[in-house]
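The structure appears right after this line, and notes come after that.
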Amino acid sequence: MPRRTSLNSRGGRKTLIFAGCDVGTLTTKVVLLKNDQVLAYSIVPTEAKAEQSAGNAMNQALSNAGITLEDVKYCVGCGWGAGRIPYANETESEMRSGAAGALWLLPSVRTVIDVGGLFTRVAQIDQEGRVVDYVMNDKCASGTGRFLEIMAEALEIKPDDFDSSSLQGSNPVHITSQCSVFAESEVITYVNEGAEIADIVSGINNSIALRTATLVGRLGVIEDVIIIGGVAKNLAMVKSLEEKIGVEIKKVNHDPQIVQALGAALIAEQKAD
């Protein structure tokens with residue numbers, strides 16, 4: 001595993017490579033920046049030990065870039081396991097990291113919707129990337145990445161299948177429960193009653209979109225809007241969310257799952273100046 005000392009052993013500005021590591025509840029991401037451009041990134045499953053997850057993610061990103069940890073000048077960590085990233089020079093909040101990454105991707109963004117592994121957050125930011133206001137879900141994981149995993153297990157499909165065009169039904173079922181456990185029971189009941197899997201999948205996507213739209217409604221929408229986090233890859237859900245909030249969600253050029261790690265890397269670049 002990479003060691004903290006290797007980052008701090010370099011001086012001057014010989015190497016303009018900066019890193020951000022986001023240890024999330026389900027996945028760990030590392031982004032490497034060089035000259036303000038994404039050099040490489042990685043996404044790996046989060047294991048029981050955050051240190052191991054951070055090491056795996058960094059090693060993969062370094063391998064993708066063809067460099068070593070000695071080439072990285074400064075690293076900022078974020079996420080629930082940020083305090084256990086062995087090679088991070090310092091840590092930053094997920095909210096600020098996400099805002100920084102979102103602003104870099106779309107300078108006109110003012111509302112950032114973040115649907116991650118266990119949490120959903122909606123933040124309003126200013127033109128400098130400062131968080132002006134925000135709301136987030138309660139302790140229940142309903143409507144998050146973990147919720148999708150639970151629903152996928154109940155349907156015996158993969159989480160990625162929720163975005164499959166072949167699994168978008170014309171008669172979506174209604175998932176009424178606000179609790180992941182009870183929602184799973186609803187899904188199993190629909191299966192036993194013979195409902196089409198595509199209709200159940202569409203119902204689940206609509207359920208996630210509705211929960212997210214409720215949070216957005218509590219805060220209010222200021223355009224432009226983007227969505228980040230792993231669940232943002234589910235374009236069927238994103239389309240449903242757009243319909244519910246009545247605002248276009250702008251597309252970004254990078255994987256939405258790495259935005260917080262990207263923001264952490266950008267903050268690392270600022271801190272090292």
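With each run of n ≥ 4 DSSP H residues scored as -39500 (n - 2.57), what mean residue ellipticity at 222 nm is computed for the chain after dividing by its residue count and rounding to the nearest 500 deg cm²/dmol?
The per-residue figure over the chain is -12000 deg cm²/dmol.
In degrees between 0 and 90, to the nearest 10, how far off the longest principal axis of the chain does helix 145-155 point, with axes built from Cα atoms?
40 degrees
For segment 108-251, with only Lys/Arg (+1) and Asp/Glu (-1) charged at the beta-carbon, what is the dipole magnitude about the Cα centre, in debye rounded to 20?
That gives segment 108-251 a dipole magnitude of about 440 debye.
Of 127, 252, 219, which is farthest on the positive side of the dipole of the chain, counting Cα position, with +1 on Lys and Arg Cβ, -1 on Asp and Glu Cβ, and the Cα centre as origin?
It is 127, whose Cα lies furthest towards the positive end.
On a 0 to 90° scale, report how tilted helix 94-105 is relative to the longest principal axis of the chain, with both axes built from alpha carbons and the result rounded to the nearest 10.
Relative to the chain, helix 94-105 is tipped by roughly 90 degrees.
List, in the order given, every pair from 49/250; 29/251; 250/271; 29/250 whose Cα-Cα distance in the structure shown is over 25 Å.
Cα-Cα > 25 Å for 49/250; 250/271; rest within.
I want to verify the translational diffusion coefficient of segment 108-251 in µm²/s; compute it with Stokes-Einstein, Rh as the Kirkwood radius over Cα pairs, at 25 °C and 0.890 mPa s.
D, rounded to a whole number, is 161 µm²/s.
For segment 123-171, report the % of Cα-Cα distances exceeding 11 Å.
More than 11 Å apart: 75 percent of the Cα pairs in segment 123-171.
Once the Cα gyration tensor of segment 139-208 is diagonalised, what are the square roots of 5 times its eigenvalues, in whole Å and ordered largest first, as equivalent ellipsoid semi-axes?
Largest first, segment 139-208 gives 17, 13, 11 Å.
Dipole magnitude of the chain about its Cα centre, charges +1 at Lys/Arg Cβ and -1 at Asp/Glu Cβ only, in debye to the nearest 20?
With Lys and Arg at +1 and Asp and Glu at -1, about 1080 debye.
What is the distance in Å between the Cα centres of segment 16-61 and segment 231-273?
Measuring centre to centre over Cα atoms gives 16 Å.
Principal axes first, then extents: for the Cα atoms of the chain, list largest minus smallest coordinate on each axis, whole Å, largest first.
65, 37, 30
Treating the angle as unsigned and between 0 and 90°, give the value, to the nearest 10°, between the Cα long axis of helix 259-272 and the longest Cα principal axis of the chain.
20 degrees
No lab work stands behind these numbers, since they all come straight from the coordinates. Keep in mind it's a predicted model, so treat the numbers as computed, not measured. Glycine gets a Cβ as well: all are built from the backbone with ideal geometry, and neighbour counts include every protein chain shown.
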